[in-house]
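Written below as structure tokens is the structure these notes are about.
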Amino acid sequence: MGARQYAQKEWRLLSWWLASFHPNAEIHMQVRLGPTSTIPGLYLPEAPPDGTLRLRNRWIDALFIENERVALVEAKIEPDPGVFSQLVHYLRKFRSDPEWAALRSLPVDLIALVYNDDPSVAQEAPWYGVTWTVYQPNLQDFPQAVTRGQEATAAGSYLPPDWPARISWLTGKSIA
């Protein structure tokens, strides 16, 4: 659950930033990038529906076109240096994606949109050609993320006492 705690806030951060600073841009969110590759060993007697094989492609948080420029945006509540390699990776995927071939000649801006600034990470942004953007709307107004279910300790354990043996039967491995 740790990696998903900020997902809703990152989406809202990104949406607010796009609406506030790029209201006239052509915006695409959760964009799968890269050429569609086939799955090794998979035989398809007929062509699959459009986009089916793209499910394996990685996606960027947002891509927008404005003023004859393309921008690739990755949003983070808590920034880390990995955002730079992500953006460079997405740029490479964008350049090789046949669905975006018409935009290949346009200049591309890489943007790391962050809520909490980290100067030790931010100082590296120019080395990667990334624009470091700190945007801090009042996130206190965001509704709390909805947690479904309850913690296992609160519900108690409904596992039978011999559950490790049952797992062993399924996996074929001893429970040493």
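A search for C-beta distances below 6 Å between a residue of segment 96-119 that is closer than 23 Å to PHE21 by Cα and any residue that is surrounded by 16 or more Cβ atoms within 10 Å (Cβ to Cβ) and charged (D, E, K, R), counting only pairs 6+ apart in sequence or on different chains, returns ALA112/GLU74; VAL114/LYS76. Of the residues ASP97, ASP109, only one is under 23 Å from the mean Cα position of the chain (by Cα) and modelled with pLDDT of 90 or more; which? When all the criteria are applied, what remains is ASP109.
The criterion of at least 1 residues that are of a type in the set (Gly, Ala, Ser), at pLDDT 80 or above and within 12 Å of the chain's Cα centre (by Cα) is met, among strands (runs of 3 or more DSSP E) falling completely within segment 1-76, by 59-66, 69-76.
The values are calculated or read from the model by the stated rules, or taken from the named source; none is laboratory data. Being a predicted model, the structure only gives us computed values, none of them experimental. Glycine gets a Cβ as well: all are built from the backbone with ideal geometry, and neighbour counts include every protein chain shown.
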